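Trainee: Provided herewith is a single structure, encoded as structure tokens, for subsequent inquiry.
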Amino acid sequence: MDGNPITPAGMAALRARYEQLLHTDRPAIVEVVRWAAGNGDRSENGDYIYGRKRLREIDRELGHLAKRMAAARVIDPARQSERDRVLFGCSVEIADDDDNRRTLTLVGDDEQDAGLSKIGWSAPIVRALRGAKVGDVRRVALPGGEKNWEVLAISWPDA
């Protein structure tokens, strides 16, 4: 899959963060810096120094988000035609050799959240599972060693 795949919800979250930074957070910090600059000596003015630092951080994040959104390729998982294989956007139930079961949802790297079992498209476990069908066993190289995972079920969001 070319580019940076992302779900429509993931792209909306990136856009919302970008808009929040650009139209709310940045203007508020600019106003604080403007006020602090008017107070005289800037070398010992904490509001001014912190404000300038925060502006640089916001500008870096805006640049990063702009690049990620430009490289993103929105893929709606509900519209996937091949529903019998592990592909972008599906939820897959897997079990290891000790029958420890997990359900993972395959999402874009910009929207991954391990606490919610949303695993990024370039994660090692996802790379190993790509294209698998129910019943397939895949070996995954993890930091703790190699592990075999069997695909038990594949599900897709409704259209």
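Trainee: Based on DSSP H runs of at least 4 residues, each adding -39500 (n - 2.57), what is the mean residue ellipticity at 222 nm of the chain after dividing by all its residues, to the nearest 500 deg cm²/dmol?
Mentor: Values: 4 runs with 57 residues, N = 159.
It comes out at -11500 deg cm²/dmol, rounded to the nearest 500.
Trainee: State the antiparallel share, in %, of DSSP beta bridges confined to the chain, rounding to the nearest 5. Don't skip to the end; give the middle numbers.
Mentor: On the way: 19 of 25 bridges.
Percent antiparallel among DSSP bridges in the chain is about 75.
Trainee: Restricting attention to region 86-130, which trypsin sites (Lys or Arg not before Pro) occupy a DSSP loop and are surrounded by at most 15 other Cβ atoms within 10 Å?
Mentor: On the way: sites: Arg101, Arg102, Lys118, Arg127, Arg130; in loops: Arg130.
In loop regions of region 86-130 (DSSP not H, G, I, E or B), the sparsely surrounded trypsin sites (Lys or Arg not before Pro) are Arg130.
Trainee: Sticking with the crude label model, points 7 Å out along Cα→Cβ, report the distance from Arg56 to Lys133 in nm, one decimal please.
Mentor: Label-label distance for Arg56 and Lys133, simple model: 5.6 nm.
Trainee: To make sure I understand the rule: partners must be lysines, Cα under 23 Å from the Cα of Lys67, and not fewer than 8 residues away in the same chain. Which ones qualify?
Mentor: Reachable lysines: Lys53, Lys118.
Trainee: Could you give the length gained on full extension between Gln80 and Ala66, defined as 0.36 nm per residue of separation minus the Cα-Cα distance, in nm?
Mentor: 2.4 nm
Trainee: Report the full-extension gain for the segment Ala141 to Ala95: residue separation times 0.36 nm, less the Cα-Cα distance, to one decimal in nm.
Mentor: 15.0 nm
Each reported figure results from applying straightforward, stated rules to the coordinates on display, with no laboratory input. Just so you know, these numbers come straight off a predicted model, no measurement behind them. Backbone-built Cβ (ideal geometry, glycine too); neighbour counts: all protein chains shown.
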